[in-house]
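Only one structure is covered here, and it is reproduced in the block below.
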Amino acid sequence: MRNNLLKGSNALGIFKYSSNQRRIGFASNAQSEIIGNRASAMVRPEPCDQIITEPNAQDVEHQAWLNDHPSALRSFEGMMSIAKGKKIVMFLDYDGTLSPIVDDPELAFMSDTMRSAVREVAKNYPTAIISGRSRDKVYEFVQLNDVYYAGSHGMDIMAPPGRHKFGETKYQRRAVDKKGNEVMIFQPAKEFLPEILEDYSLVEKKVLSVLGRHSRFHLTRGRKVLEIRPSIKWNKGNALEYLLETLGFAESSDVLPIYVGDDVTDEDAFKVIQRRGQGFPILVSRKLKATRASYSLRDPSEVLSFLLRLARWRRN
Ligand SMILES: O=P(O)(O)OC[C@H]1O[C@H](O[C@H]2O[C@H](CO)[C@@H](O)[C@H](O)[C@H]2O)[C@H](O)[C@@H](O)[C@@H]1O
């Protein structure tokens, strides 16, 4: 039991300090390696050292969660050995994944570094951004041409110019983007739009009472967000499947979708990947959470590292 606790605390970057023990710290300073009593008397502990007695129950629980949902950065080589010879398709959520969570949704900008990482990934693998936001808003933030955009939880999908096939799909139509390029738009909930626009301001004030008058809609909750959605079976998971189909991978046995997301709405996409038995669902979270994801990343800065490694992996 004690060994297990210590194993957990080591993996969490916490170690027990005693003066007669060999100790390797995380400080870059060479002095952080101390051997024996004599040396320990000469060297002051580095500020990063944490002196603790036992990890608490929460640490142990978090470590158990990390064992079940290991870091996609630490597991990168293993993941890529599975990906070898397969066609990777990249799916990315926006808020909390490509941009940090901030109080004002209008200010949820992504960094230029993140933008160029996504651009690099999109050069190498088909890439889609699937967000709860409107498609236009996500495009405004991301501003990349060569990616698929799926707004409103996948209910409004746009393929990049020249990257689409126009089939007979009922809700699909040709359109022209702001730069005058022909794009393909897919909107399975289009017929609901007039009602959404008509009731929007009222919905903000009296969400539940409005819902009482619109049985065709239902309420979902995100991170500090109330959303009214058409009661159709369409979510980020359906969008992922639709995009794989659009890309010609519907029946493919060698496609490997990677989906990175942080919120409850991303669980639908994780579920689809689990069901297909192919691909990597990755949850972005610092906290232990119930999830269908197989891997984890702590925050958007780790997402950035993952994307950069993925782009580099293909180049090599
Ligand atoms: O699917 P996503 O791309 O993750 O979008 C989900 C929601 O994102 C936005 O809200 C979240 O991010 C905000 C900015 O960081 C934050 O203030 C809010 O608390 C979060 O819930 C967006 O405002 C929603 O419309 C999206 O559904």
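The values are calculated or read from the model by the stated rules, or taken from the named source; none is laboratory data. Note that the structure is predicted; figures quoted are calculated from it, not measured. Using ideal geometry, Cβ is built from the backbone for each residue, glycine included, and neighbour counts are taken over all protein chains shown. Ligands, DNA and RNA are stripped out before the accessible areas are found, and what is left, the full protein with its side chains, is counted by its heavy atoms. Shrake-Rupley method; radii C 1.70, N 1.55, O 1.52, S 1.80 Å.
Sort out for me the strands (runs of 3 or more DSSP E) sitting completely within the range 89-177 that have 1 or more residues that are farther than 18 Å from D262 by Cβ and within 16 Å of the ligand (Cβ to nearest atom). Show your work before the answer.
Working: elements: 127-130, 148-151, 156-159, 172-176.
Qualifying strands (runs of 3 or more DSSP E): 148-151, 156-159.
For the range 286-316, a residue qualifies if it is farther than 16 Å from Y125 by Cβ and in a loop (DSSP other than H, G, I, E, B), and the qualifying residues are R286, K287, L288, K289, A290, T291, R292, A293, S294, R298, D299.
Within the range 219-273, being modelled with pLDDT of 95 or more and assigned to a strand (DSSP E or B) holds for V255, L256, P257, I258, Y259, V260, G261. Residues that are at pLDDT 95 or above, crowded, with 17+ Cβ neighbours inside 10 Å and part of a strand (DSSP E or B): does the range 66-84 have at least one? No, there is no match, as no residue in the range 66-84 is at pLDDT 95 or above, crowded, with 17+ Cβ neighbours inside 10 Å and part of a strand (DSSP E or B). Would you point out the residue of the range 243-272, among those that are more than 16 Å from the ligand (Cβ to nearest atom) and surrounded by 19 or more Cβ atoms within 10 Å (Cβ to Cβ), that is farthest from M79 (Cα to Cα)? Residue satisfying both the conditions and the ranking: T246. The residues listed here are S305, S231; of these, the one that is open to solvent by 40 Å² or more (accessible area, probe 1.4 Å), more than 25 Å from F186 (Cα to Cα) and among the polar types (S, T, N, Q) is S305.
Of all residues in the range 85-104, which are open to solvent by 50 Å² or more (accessible area, probe 1.4 Å) and in contact (Cβ under 8 Å) with a residue 24 or more places away in the chain? Write out each step before concluding.
Taking the range 85-104 as the starting set, the residues that turn out to be open to solvent by 50 Å² or more (accessible area, probe 1.4 Å) are 85-87, 100-104.
Once the filter is applied, which keeps residues that are open to solvent by 50 Å² or more (accessible area, probe 1.4 Å) and in contact (Cβ under 8 Å) with a residue 24 or more places away in the chain, the range 85-104 yields G85, K86, K87, P100, I101.
Among the residues of the range 178-218, those that are of a type in the set (D, E, K, R), at pLDDT 80 or above and either within 16 Å of the ligand (Cβ to nearest atom) or in contact with a Pro (Cβ under 7 Å, 6 or more places away or on another chain) (or both) comprise E182, R216. Flag set for S294, criterion: small (G, A, S), surrounded by 15 or more Cβ atoms within 10 Å (Cβ to Cβ) and away from the ligand (no atom under 16 Å from the Cβ).
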